[in-house]
1. What residue, among those in the range 266-294 that are in contact (Cβ under 8 Å) with a residue 60 or more places away in the chain and of a type outside the set (S, T, N, Q), is nearest to R216 (Cα to Cα)?
2. How about the range 333-371: which of its residues are acidic (D, E) and in a strand (DSSP E or B)?
3. Restricting the search to the range 159-180, which residues are closer than 14 Å to S204 by Cα and either touching a Lys or Arg at 6+ places or on another chain (Cβ under 8 Å) or open to solvent by 50 Å² or more (accessible area, probe 1.4 Å) (or both)?
4. Go over the candidates D342, D352 one by one and state the one that is within 25 Å of T185 (Cβ to Cβ) and in contact with a Pro (Cβ under 7 Å, 6 or more places away or on another chain).
5. State whether one or more residues within the range 295-315 are touching a residue at least 60 places away in the same chain (Cβ under 8 Å), within 21 Å of T243 (Cβ to Cβ) and under 42 Å from the mean Cα position of the chain (by Cα).
6. Could you check how many residues of the range 181-195 are assigned to a loop (DSSP other than H, G, I, E, B) and surrounded by 11 or more Cβ atoms within 10 Å (Cβ to Cβ)?
7. Residues of the range 340-371 being among the hydrophobic types (A, V, I, L, M, F, W, C) and open to solvent by 30 Å² or more (accessible area, probe 1.4 Å), which ones?
8. Working only within the range 191-226, note down all residues that are touching a helix residue (DSSP H, G or I) at 6+ places or on another chain (Cβ under 8 Å), modelled with pLDDT under 95 and more than 22 Å from E324 (Cα to Cα).
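The values are calculated or read from the model by the stated rules, or taken from the named source; none is laboratory data. Quick caveat: nothing in here was measured; it's all calculated off a predicted structure. For neighbour counting, all protein chains shown are included, and Cβ atoms are generated from backbone atoms with ideal geometry for every residue, glycine included. Accessible surface is based on the protein model in full, side chains and every heavy atom, while ligands, DNA and RNA are left aside. Shrake-Rupley method; radii C 1.70, N 1.55, O 1.52, S 1.80 Å.
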Amino acid sequence: MVSSTSTNVFTVASVLSLLVGLDTFTLSSSFAPAQQNVHKPQISSKTSLFGRPKGRLLAEDFTDDKVVTTQSAETRSKRSSGTKKKKNTKVVNGVSSDLAAWMEKGSTSEGTERVSSVEPSIELQNTKPDKAVKAVKTNPKSKRNIGRRSKQAEKKAASNIYSERADVIIKQLTTLFEDDKWDATTVLSEISSLIENANEREQSESVGSTNVPEIRTIAGGGVRRSYKMAWAGSDDTICHMGTGLHNVPLARLQEVFLSIGQSRAELYEVISIIGPFPNVKNTLRGSVSTISNGKTLKLTYDSMVDGTGKEILAGKEENVRKVELDILFASSGAILARVPGDSDPMKESGKDLVLFVEESDLSLRLEVYRV
């Protein structure tokens with residue numbers, strides 16, 4: 001009886017302990033879904049999670065899903081940053097694919113703040129024009145250059161027309177002077193046409209006298225050019241720029257040549273003496289420059305070589321001779337000048353005018369006169 005009672009007691013105790021074990025198992029298994037929802041990380045036996053060894057996690061550790069999720073994500077990022085290499089991500093418009101996916105997710109408040117801080121830079125990057133768009137756009141500076149070049153081309157074409165017209169007039173004058181019986185009226189008409197052509201060219205360009213750059217190039221250029229005096233309106237004009245020695249008794253003026261360039265000038269007077277006497281060459285030497293905005297040619301004679309070949313230096317400043325000529329037309333083919341004075345160059349049959357035409361071989365011409 002006693003043994004039976006003890007057996008019953010043992011049986012009851014065993015049943016109770018079994019029931020208690022089932023309840024404990026049921027209670028523990030009730031937390032399994034919560035653990036699956038939060039994606040409980042797999043932790044090795046050597047790792048402590050939240051400062052607690054594995055196997056001692058309690059139910060209250062999983063009550064706040066957001067905390068567990070954030071912490072587990074941070075833990076995974078820390079582990080992966082130290083052990084895994086960075087993935088090769090594509091960059092589109094300055095934003096990587098991973099960053100774009102992270103911004104689209106934006107589930108936590110921290111993620112939202114990061115997205116808002118990144119958005120301004122993304123907008124700035126998107127506002128930058130593409131290289132293809134830049135290539136299509138027209139540079140306004142290039143438009144100005146094209147307009148300026150077209151205007152320069154038009155001016156050059158018009159200038160060429162005036163130059164060709166002037167060349168025709170000069171050729172007609174040269175042909176006219178080859179005839180010993182040339183008419184003064186015809187000469188004055190051609191000279192008037194040459195002046196008119198120069199004035200029209202000046203007005204069309206509206207940048208000052210058209211002779212300014214040409215006479216400066218002739219006077220100060222690196223090439224010496226030679227001209228022959230083809231016509232002068234009066235003897236006073238010849239004396240204004242020469243020695244005037246052709247006015248002595250038994251003397252006759254044959255030719256006047258002008259060599260100009262490299263900022264130097266030489267005026268040669270070939271004078272013949274009546275009788276059994278050789279020709280005489282007088283040479284005036286000095287510097288040359290342009291004044292009055294290039295409209296006036298200034299000759300400064302500081303030495304003279306007489307017919308005997310003796311050079312006479314000016315010495316003192318008061319002995320230096322200065323001659324000014326207003327330039328009406330200038331080119332490599334001819335120079336038309338006048339003695340400074342009234343505005344009308346054609347007054348009194350152009351008595352103040354002097355015309356020089358190009359001399360191709362000055363040395364040969366001087367040899368002809370044996371000077």
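1. G294
2. Once the filter is applied, which keeps residues that are acidic (D, E) and in a strand (DSSP E or B), the range 333-371 yields only E358.
3. Passing the criteria: S159, N160, I161, Y162.
4. Working: D342 fails: in contact with a Pro (Cβ under 7 Å, 6 or more places away or on another chain).
Just one listed residue meets the conditions, D352.
5. Step one: filter the range 295-315 for residues touching a residue at least 60 places away in the same chain (Cβ under 8 Å), giving 295, 297, 304.
So of that shortlist, the ones also within 21 Å of T243 (Cβ to Cβ) come out as 297, 304.
Applying the additional criterion that residues be under 42 Å from the mean Cα position of the chain (by Cα) yields 297.
There is at least one residue in the range 295-315 that is touching a residue at least 60 places away in the same chain (Cβ under 8 Å), within 21 Å of T243 (Cβ to Cβ) and under 42 Å from the mean Cα position of the chain (by Cα).
6. 1
7. Within the range 340-371, M346, L364, V368, V371 qualify.
8. Within the range 191-226, N197, E200, R201, S204, E205 qualify.
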